[in-house]
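The structure under discussion appears below in the form of structure tokens.
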């Protein structure tokens, strides 16, 4: 089996669009292992591993910039793992902030919903009235 894959073969194998791989390459997340004489990109097994890493990290909510940082840290295995933990803790703090914002949003929507009996003419709708209240 040939271990070198073209961008199309790698994309198919990882269920990604070739343009996604090109985007990741522009961002420095992956790079071709070598090029053919006609300048086609060829990727080795490491590229597939990095793509799986990227996808798992994205599923956990990491941005591409954070993923680039994590990949960079991974390449420097002699450094302290505290840097990785800091990135994860920063992501957790962001998620907790988003959860607080969503809980406030939910409370506001519930308060609006509680104003409305759910029947009657739209001209008397307390939800629409509340939304129009601060219209200046």
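Couple of notes before you dig in:
- Using C-alpha pairs under 8 Å with a sequence gap of at least 6, the mean separation divided by the residue count of region 1-44 gives a relative contact order of 45 percent.
- For region 95-136, the Kirkwood estimate of hydrodynamic radius, built from reciprocal distances between every pair of different alpha carbons, is 11.7 Å.
- Relative to the dominant Cα principal axis of the chain, helix 45-59 is inclined by about 10°.
- Full extension of the chain segment joining residue 129 with residue 89 gains 10.2 nm, where the gain is 0.36 nm per residue of separation less the Cα-Cα distance.
- C-alpha long axis of helix 64-75 to longest principal axis of the chain, angle in °: 40 degrees
- For a label point 7 Å along the Cα-to-beta-carbon line of residue 98, residues of region 38-68 with backbone N under 16 Å: 55-67
- Taking a ≥ b ≥ c as the square roots of the eigenvalues of the Cα gyration tensor, an a/c ratio of 1.5 or more together with a/b no larger than b/c marks region 1-126 as oblate.
- Residue-span extension gain [residue 40 to residue 109] - 0.36 nm each, minus C-alpha spacing: 19.4 nm
A short reminder: the numbers here are calculations on the coordinates, not readings from a lab. Quick caveat: nothing in here was measured; it's all calculated off a predicted structure. When we count neighbours, we look across all protein chains shown, and the Cβ atoms used for this are built from the backbone with ideal geometry, even at glycine.
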